[in-house]
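These notes are about the structure you will find just below.
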Amino acid sequence: MRPAHFHAYHWQGERRVFDQESARRPGTPEFLTNRCTPMRLADWLLRPATSITRTCQDAAGAAAWFRREMARAAPAFAVEHDRATTEPVGAAAADALARGRDVHAGWYVRGTGFLTLDVIACTPNATVPDHPCPLTRPQGLPVTPGT
């Protein structure tokens, strides 16, 4: 079953924040307010709707967002190889999205920073089909897994 739409998420911050894995897991007090990519990508859908950077109605729109954000950030990538491989990364993302899959990419940026771009298939999500859409929950409120 194809997802109804895709939610896109952008996070940039200190690598040490990304490395705090416990705060990136549902069930912890920090999870709902943490803006960093969850340990399991589909768990973005458990966070408040305000976490969403953009919603795309189809895979092509989601792939275009991913490629545009990656191109915008690429000059700051800390590793030349990452700057040189944006085309194949974008193509792989477009292919995955066309198949209804989630996409995640992360890069070190100059200094001690880290950037992640995530696009999550929604309603249903292939990994966790029972996660509700953050936009359709009452007032966009977060949910507890299994509710």
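The values are calculated or read from the model by the stated rules, or taken from the named source; none is laboratory data. In this text, all values refer to a predicted model and were calculated from it rather than measured experimentally. Reconstructed Cβ throughout: ideal geometry from the backbone, glycine too, with neighbour counts over all protein chains shown. These accessible areas exclude ligands, DNA and RNA; they are computed on the full protein's heavy atoms, side chains included. Shrake-Rupley method; radii C 1.70, N 1.55, O 1.52, S 1.80 Å.
See the values below:
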| read-out | value |
| --- | --- |
| Over the stretch 21-147: Kirkwood hydrodynamic radius from C-alpha pairwise inverse distances, Å | 15.4 |
| Surface/4 of the Cα convex hull for the stretch 1-74, nm² | 5.7 |
| For Asn125, residues with placed amide H under 5 Å, excluding near neighbours | His131 |
| Karplus (6.51, -1.76, 1.60) ³J(HN,Hα), θ = phi - 60°, over the stretch 8-22, in Hz, Gly and Pro reported as x | 10, 9, 10, 9, 9, x, 6, 4, 4, 5, 4, 6, 7, 5, 4 |
| Most to least accessible of Arg110, Arg137 (protein chains only, probe 1.4 Å) | Arg110, Arg137 |
| By average C-beta atoms within 10 angstrom, highest first, the peptides 37-44, 129-136 | 37-44, 129-136 |
| Ellipticity estimate at 222 nm from DSSP helix runs (n ≥ 4, -39,500 (n - 2.57)) divided over the chain, nearest 500 | -7000 deg cm²/dmol |
| Accessible solvent surface per residue of the chain, calculated while the other protein chains remain in place, 1.4 angstrom probe, Å² | 51 |
| Prolate/oblate/rounded call for the stretch 50-99, Cα gyration tensor, a/c under 1.5 rounded | oblate |
| Integer Hz, Karplus 6.51/-1.76/1.60 couplings in order for the stretch 111-126, x for Gly and Pro | x, 10, x, 9, 10, 10, 10, 10, 10, 10, 5, 10, 6, x, 8, 5 |
| Inter-centroid distance (Cα atoms) of the stretch 62-86 relative to the stretch 90-140, Å | 16 |
| For peptides 49-55, 25-31, sequence by mean Cβ density within 10 Å, most packed first | 49-55, 25-31 |
| Relative contact order (percent, whole number), the chain, Cα cutoff 8 Å, 6+ residue spacing | 36 |
